[in-house]
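Asker: The structure follows.
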Amino acid sequence: MRKQGSDVRCQVSGKSSPRFGFPWNLKPNTYNRRGQRGFTLLLAALVASIVLSLGAAVFGIAQKQLTLSAIGRDSQFAFYAADTAAECALYWDFRFGYFGSTTPPSVVSPNPRCDDQTMLPFTDTGDSTVQPYNYAKTSSRVDFFKDASPAGGYCAEFVVKKCQGTFTAEGTCAVDASKEIVRTLVHADGYSVNCASIQTSLRALQRSVELHY
């Protein structure tokens, strides 16, 4: 009499066991590592390009902001120079009548000076002794604020126009001999650079100030 359990046998036919149902000759799974490496490189290149684009955009914005800030600063300097020249002309006209039709001899010696800079020589247009009055005096270009500017100052000039009549919108005199009032127009131009750099500087800005009385 044989034991029933002694008849248990495992027959291997082909690749699997009939009792346990799994293969005997197991082979390790293989993966396409080369394809994985290619995908990683593609992902890294994509991330790098996005970061580079963001960095370039931020840099462009910052550069534009710096340029706008510099333009605003230079514009203020040009305005200060123009305002100084206009106030100087106004002072010499009101205080000494320097630009009047008959200049008092007392002001011939102390020539007009602004910020300790002489405004001579003047360029005259028209005759201040002939009625009806229609003449102008244009100052030389001078550098203001030399002590506060690392670039050698900020250039400015002014022109004082006297008109017996009225000024047009363009600043020209419409002579009217029937009017006794002589009107005055002071036009001053200021620059963000010194006088020697106006023609060569790519960042030279001009601001103008006009006074009417």
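Asker: Among the numbered criteria (1) surrounded by 20 or more Cβ atoms within 10 Å (Cβ to Cβ); (2) at pLDDT 90 or above, which single criterion is violated by residue 176?
Answerer: For residue 176, the failing item is (1).
Asker: Name the residue that is surrounded by the most Cβ atoms within 10 Å (Cβ to Cβ), counting only residues in the stretch 196-207 that are touching a strand residue (DSSP E or B) at 6+ places or on another chain (Cβ under 7 Å) and outside any loop (DSSP other than H, G, I, E, B).
Answerer: That would be 207.
Asker: When both residues are 6+ apart or on different chains and their Cβ atoms are under 9 Å apart, which pairs have a first residue that lies in the stretch 129-143 and is over 19 Å from residue 190 (Cα atoms), and a second that is basic (Lys, Arg) and surrounded by fewer than 20 Cβ atoms within 10 Å (Cβ to Cβ)?
Answerer: If the second residue must be basic (Lys, Arg) and surrounded by fewer than 20 Cβ atoms within 10 Å (Cβ to Cβ), the pairs left are 132/179.
Asker: Say we look at the stretch 56-77 and pick out the residues that are of a type outside the set (A, V, I, L, M, F, W, C) and either in contact with a Cys (Cβ under 9 Å, 6 or more places away or on another chain) or modelled with pLDDT under 90 (or both); which of these is nearest to residue 155 (Cα to Cα)? First the steps, then the outcome.
Answerer: To start, the set of residues in the stretch 56-77 that are of a type outside the set (A, V, I, L, M, F, W, C) comprises 60, 63-65, 67, 69, 72-76.
Next, only the ones that are either in contact with a Cys (Cβ under 9 Å, 6 or more places away or on another chain) or modelled with pLDDT under 90 (or both) stay: 60, 63-65, 67, 69, 72-73.
Details: 60: 32, 63: 27, 64: 27, 65: 26, 67: 22, 69: 21, 72: 17, 73: 15 Å.
Ranking the qualifying residues of the stretch 56-77, first place goes to 73.
Asker: Is it the case that residue 91 is among the aromatic types (Phe, Trp, Tyr) and crowded, with 19+ Cβ neighbours inside 10 Å? Outline the logic, then answer.
Answerer: Numbers: among the aromatic types (Phe, Trp, Tyr): yes; crowded, with 19+ Cβ neighbours inside 10 Å: no.
The answer is no for residue 91.
Asker: If you don't mind, there's one more thing I want to ask. Provide a single number: the residues in the stretch 86-101 that are acidic (Asp, Glu) and over 37 Å from the mean Cα position of the chain (by Cα). Please lay out each step first, then the result.
Answerer: From the stretch 86-101, those acidic (Asp, Glu) are 87, 93; that's our starting set.
Cutting the leftovers down to over 37 Å from the mean Cα position of the chain (by Cα) gives us none.
Residues that pass the stated criteria total 0.
Asker: Out of (1) in a strand (DSSP E or B); (2) free of Cβ contacts under 8 Å to residues at least 40 places away in the same chain; (3) out of contact with any Phe, Trp or Tyr (no Cβ under 9 Å at 6 or more places or on another chain); (4) surrounded by fewer than 18 Cβ atoms within 10 Å (Cβ to Cβ), what's the single condition that is false for residue 210?
Answerer: (2)
Asker: If you don't mind, there's one more thing I want to ask. Give the residue, chosen from 121, 112, that is surrounded by 10 or more Cβ atoms within 10 Å (Cβ to Cβ), modelled with pLDDT under 85 and closer than 18 Å to residue 189 by Cβ. Walk me through it before giving the result.
Answerer: Values: 121 fails: modelled with pLDDT under 85.
Selected residue: 112, the only one of 121, 112 that is surrounded by 10 or more Cβ atoms within 10 Å (Cβ to Cβ), modelled with pLDDT under 85 and closer than 18 Å to residue 189 by Cβ.
Asker: Is it the case that residue 158 is at positive phi, in contact (Cβ under 8 Å) with a residue 60 or more places away in the chain and in contact with an Asp or Glu (Cβ under 8 Å, 6 or more places away or on another chain)? Walk me through it before giving the result.
Answerer: Working: at positive phi: no; in contact (Cβ under 8 Å) with a residue 60 or more places away in the chain: yes; in contact with an Asp or Glu (Cβ under 8 Å, 6 or more places away or on another chain): yes.
So residue 158 fails the test.
Asker: Being under 16 Å from residue 77 (Cα atoms), touching a strand residue (DSSP E or B) at 6+ places or on another chain (Cβ under 9 Å) and at pLDDT 95 or above is the requirement here; does residue 188 meet it? Step through it out loud before you land on a result.
Answerer: Numbers: under 16 Å from residue 77 (Cα atoms): yes; touching a strand residue (DSSP E or B) at 6+ places or on another chain (Cβ under 9 Å): yes; at pLDDT 95 or above: yes.
When the stated conditions are applied, residue 188 passes them.
Asker: Additional query: For the stretch 130-150, does any single residue satisfy the condition of being of a type in the set (A, V, I, L, M), within 21 Å of residue 87 (Cα to Cα) and touching a strand residue (DSSP E or B) at 6+ places or on another chain (Cβ under 6 Å)? Break it down into steps so the answer makes sense when it comes.
Answerer: Here is the first cut: in the stretch 130-150, the ones of a type in the set (A, V, I, L, M) are 130, 136, 142, 148.
With the extra rule that they be within 21 Å of residue 87 (Cα to Cα), the set shrinks to 136, 142, 148.
Next, from what is left, pick out any that are touching a strand residue (DSSP E or B) at 6+ places or on another chain (Cβ under 6 Å): 136, 142.
Checking the stretch 130-150: at least one residue is of a type in the set (A, V, I, L, M), within 21 Å of residue 87 (Cα to Cα) and touching a strand residue (DSSP E or B) at 6+ places or on another chain (Cβ under 6 Å).
Asker: I'm told residue 143 meets every condition in (1) charged (D, E, K, R); (2) surrounded by 17 or more Cβ atoms within 10 Å (Cβ to Cβ); (3) not in a strand (DSSP E or B) except one. Can you identify the failing condition by its number?
Answerer: All conditions pass for residue 143, except number (3).
Asker: Has the stretch 175-191 got any residue that is aromatic (Phe, Trp, Tyr), in contact (Cβ under 8 Å) with a residue 12 or more places away in the chain and closer than 20 Å to residue 102 by Cα?
Answerer: Among the residues of the stretch 175-191, not one is aromatic (Phe, Trp, Tyr), in contact (Cβ under 8 Å) with a residue 12 or more places away in the chain and closer than 20 Å to residue 102 by Cα, which makes the answer no.
Asker: Hey, does the stretch 124-133 have a residue that's of a type in the set (A, V, I, L, M, F, W, C) and either within 17 Å of residue 210 (Cα to Cα) or buried (at least 17 other Cβ atoms within 10 Å of the Cβ) (or both)? Steps first, answer last, please.
Answerer: So in the stretch 124-133, the residues of a type in the set (A, V, I, L, M, F, W, C) come out as 130.
Still in the running and either within 17 Å of residue 210 (Cα to Cα) or buried (at least 17 other Cβ atoms within 10 Å of the Cβ) (or both): none.
Looking through the stretch 124-133, none of the residues is of a type in the set (A, V, I, L, M, F, W, C) and either within 17 Å of residue 210 (Cα to Cα) or buried (at least 17 other Cβ atoms within 10 Å of the Cβ) (or both).
The values are calculated or read from the model by the stated rules, or taken from the named source; none is laboratory data. Since we're looking at a predicted model, the values are computed, not measured. Cβ sites come from the backbone with ideal geometry, for glycine too, and all protein chains shown count toward neighbours.
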